[in-house]
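The values are calculated or read from the model by the stated rules, or taken from the named source; none is laboratory data. Quantities reported herein were computed from a predicted structural model and do not represent experimental measurements. Because the Cβ atoms are built from the backbone with ideal geometry, glycine has one as well, and the counts that use them run over all protein chains shown.
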Amino acid sequence: MNNLPEALREFTAFHDRLSQLAAMGGPETDLGPLEAAIHESYHGAYSNTGLAKPKTFDKREGYDPFVAMRKALGSGHTTRMENRTIRMRNEDEAVVFFEHVVVKDGQDVMRNFFVQTYAKVDGAWKLTRETMEQVAP
Amino acid sequence: MNHLPENLLAAFTAVHDRINELWATARTVADLEPLEAFCHETYHGTYGGPGLDKVQPFERKDGLEGVRQAIASGNTTRIENRTIRMRSVTEAVVFFERIFAKGDRDVARLFTVENWRLVDGAWKLMRETVEQVAE
């Protein structure tokens, strides 16, 4: 299952580009490439620090995973990723874990665990599903 | 999130290590009994996998049944790439890859995010999300 070095390299380069865009962006950053990478059937499942079942989001129901990101970019936050792990299901499907850390004035102000699934559709990688687990605050 | 004492992380890590050791050495369903005690009575989770559009919720009995089936089928299990973060003195969040193997061959790999809570002095698994990478 890990015998796809070419596919892994190519997917990793794609995920690096997206992550750099999100990390380095400012209020004027064009988030078009990020938005284009969301599959039309995107589903998100977000858990906060409580014990309830995750809240689920559906792009077709009008959920926009970038509302929070646009707000963050406009408010002087930066972000970084830690401990990323990428596994290819096959040449056209990838599963990714990372910690997403939000930084304000040199302080880590938020940390979330993400698990994402991507599929290649007509030659382009698309985010199909993600689960987010809020660690802190 | 960075002001918690280091020994707190070390103490939780030791508990998680013990549980993984139990898993890794389990050969029969009876060996799983001590593990089941770590799953809180309200433990629940979600499962995602190849071909699934949305994650599927599961309850305690479903989660435990999956573990029993894996061990009963003769598979062994180990974890890789663990990351542990303490939310507070009584809460921990853990990521790892769980691999099931048949002999020397890896037969399944799952990304797991777990939520743990200290309940009456004992760490309990409260909630988890699982994403199956491959059969």
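Which of (1) within 12 Å of chain B (Cβ to nearest Cβ); (2) farther than 28 Å from B:ASP106 by Cβ is the odd one out, the single condition A:PRO65 does not satisfy?
So A:PRO65 meets the others, but not (1).
Identify the residue in segment A:24-50 that is surrounded by 14 or more Cβ atoms within 10 Å (Cβ to Cβ) and within 27 Å of B:VAL94 (Cα to Cα) and, among all such residues, is modelled with the lowest pLDDT.
Pass one, segment A:24-50, residues surrounded by 14 or more Cβ atoms within 10 Å (Cβ to Cβ): A:25, A:29, A:31, A:34, A:37-39, A:41-47, A:49.
Cutting the leftovers down to within 27 Å of B:VAL94 (Cα to Cα) gives us A:38, A:42-47, A:49.
Details: A:ILE38: 88, A:TYR42: 88, A:HIS43: 89, A:GLY44: 89, A:ALA45: 90, A:TYR46: 89, A:SER47: 89, A:THR49: 82.
Looking at the filtered set, the residue picked out is A:THR49.
Against the condition in contact with a Phe, Trp or Tyr (Cβ under 9 Å, 6 or more places away or on another chain), more than 14 Å from chain A (Cβ to nearest Cβ) and either in contact (Cβ under 8 Å) with a residue 40 or more places away in the chain or over 18 Å from B:MET126 (Cβ atoms) (or both), how does B:LEU64 come out, does it pass?
On the way: in contact with a Phe, Trp or Tyr (Cβ under 9 Å, 6 or more places away or on another chain): yes; more than 14 Å from chain A (Cβ to nearest Cβ): yes; either in contact (Cβ under 8 Å) with a residue 40 or more places away in the chain or over 18 Å from B:MET126 (Cβ atoms) (or both): no.
Spelling it out, it is not the case that B:LEU64 is in contact with a Phe, Trp or Tyr (Cβ under 9 Å, 6 or more places away or on another chain), more than 14 Å from chain A (Cβ to nearest Cβ) and either in contact (Cβ under 8 Å) with a residue 40 or more places away in the chain or over 18 Å from B:MET126 (Cβ atoms) (or both).
Collect the residues in segment A:95-126 that are among the hydrophobic types (A, V, I, L, M, F, W, C) and closer than 23 Å to B:GLU135 by Cβ, keeping them in residue-number order. Break it down into steps so the answer makes sense when it comes.
Of all residues in segment A:95-126, those among the hydrophobic types (A, V, I, L, M, F, W, C) come to A:95-98, A:101-103, A:109-110, A:113-115, A:119, A:121, A:124-125.
Correct list: A:VAL95, A:VAL96, A:PHE97, A:VAL115, A:ALA119, A:VAL121, A:TRP125.
Out of the residues in segment B:115-133 meeting the condition of being crowded, with 19+ Cβ neighbours inside 10 Å and of a type in the set (Asp, Glu), tell me which one is farthest from B:PHE12 (Cα to Cα).
This residue is B:GLU131.
I'm checking my understanding of the structure. Among residues of segment A:80-103 that are in contact with a helix residue (DSSP H, G or I) (Cβ under 9 Å, 6 or more places away or on another chain) and not hydrophobic (A, V, I, L, M, F, W, C), which one is farthest from the other protein chains (Cβ to nearest Cβ)?
Taking segment A:80-103 first, the residues in contact with a helix residue (DSSP H, G or I) (Cβ under 9 Å, 6 or more places away or on another chain) are A:80-81, A:84, A:86-88, A:90-92, A:94, A:96, A:98, A:100, A:102.
Among the residues that remain, those that are also not hydrophobic (A, V, I, L, M, F, W, C) are: A:80, A:84, A:87, A:90-92, A:100.
Details: A:ARG80: 14, A:ARG84: 10, A:ARG87: 5, A:ASN90: 8, A:GLU91: 12, A:ASP92: 11, A:HIS100: 12 Å.
Filtering segment A:80-103 for residues that are in contact with a helix residue (DSSP H, G or I) (Cβ under 9 Å, 6 or more places away or on another chain) and not hydrophobic (A, V, I, L, M, F, W, C), the one farthest from the other protein chains (Cβ to nearest Cβ) comes out as A:ARG80.
Is it the case, given these coordinates, that A:PHE114 is hydrophobic (A, V, I, L, M, F, W, C) and within 8 Å of another protein chain (Cβ to nearest Cβ)?
Details: hydrophobic (A, V, I, L, M, F, W, C): yes; within 8 Å of another protein chain (Cβ to nearest Cβ): no.
No: the conditions fail for A:PHE114.
Give the residues of segment B:107-131 that are within 13 Å of the chain's Cα centre (by Cα) and more than 8 Å from chain A (Cβ to nearest Cβ), sorted by residue number.
Restricting attention to segment B:107-131, the residues satisfying the condition of being within 13 Å of the chain's Cα centre (by Cα) are B:109-116, B:123-131.
Answer for segment B:107-131, where residues must be within 13 Å of the chain's Cα centre (by Cα) and more than 8 Å from chain A (Cβ to nearest Cβ): B:LEU110, B:THR112, B:GLU114, B:TRP116, B:TRP123, B:LYS124, B:LEU125, B:GLU128, B:VAL130.
Just one of (1) crowded, with 18+ Cβ neighbours inside 10 Å; (2) among the basic types (Lys, Arg); (3) more than 13 Å from every other protein chain (Cβ to nearest Cβ) trips up A:ARG129, so point out which.
Result: A:ARG129 fails condition (3) only.
Output the residue which, of all residues in segment A:35-76 that are over 12 Å from the mean Cα position of the chain (by Cα) and of a type in the set (Val, Ile, Thr), is farthest from A:LYS120 (Cα to Cα).
That would be A:THR49.
Count, please, the residues in segment B:34-51 that happen to be more than 12 Å from the chain's Cα centre (by Cα) and either at positive phi or at pLDDT below 90 (or both).
Number of matching residues: 2.
Out of the strands (runs of 3 or more DSSP E) lying entirely within segment A:1-106, which hold 1 or more residues that are of a type in the set (A, V, I, L, M)?
Strands (runs of 3 or more DSSP E) meeting the threshold: A:38-47, A:78-90, A:93-104.
Taking the condition exposed (fewer than 14 other Cβ atoms within 10 Å of the Cβ), more than 15 Å from the chain's Cα centre (by Cα) and at positive phi, does B:ASP104 pass?
Numbers: exposed (fewer than 14 other Cβ atoms within 10 Å of the Cβ): yes; more than 15 Å from the chain's Cα centre (by Cα): yes; at positive phi: no.
No: the conditions fail for B:ASP104.
Out of the residues in segment A:107-129 meeting the condition of being free of Cβ contacts under 8 Å to residues at least 24 places away in the same chain and assigned to a strand (DSSP E or B), tell me which one is farthest from B:THR83 (Cα to Cα). Spell out the reasoning first.
Our first condition is that a residue be free of Cβ contacts under 8 Å to residues at least 24 places away in the same chain; within segment A:107-129, this holds for A:107-108, A:112-116, A:122-123.
Checking which are assigned to a strand (DSSP E or B) leaves us with A:107-108, A:112-116.
Working: A:GLN107: 20, A:ASP108: 17, A:ASN112: 12, A:PHE113: 10, A:PHE114: 12, A:VAL115: 13, A:GLN116: 16 Å.
Top of the filtered list is A:GLN107.
Check B:GLU80 against each of (1) facing chain A (nearest Cβ under 10 Å); (2) surrounded by 14 or more Cβ atoms within 10 Å (Cβ to Cβ) and name the one condition it does not meet.
(2)
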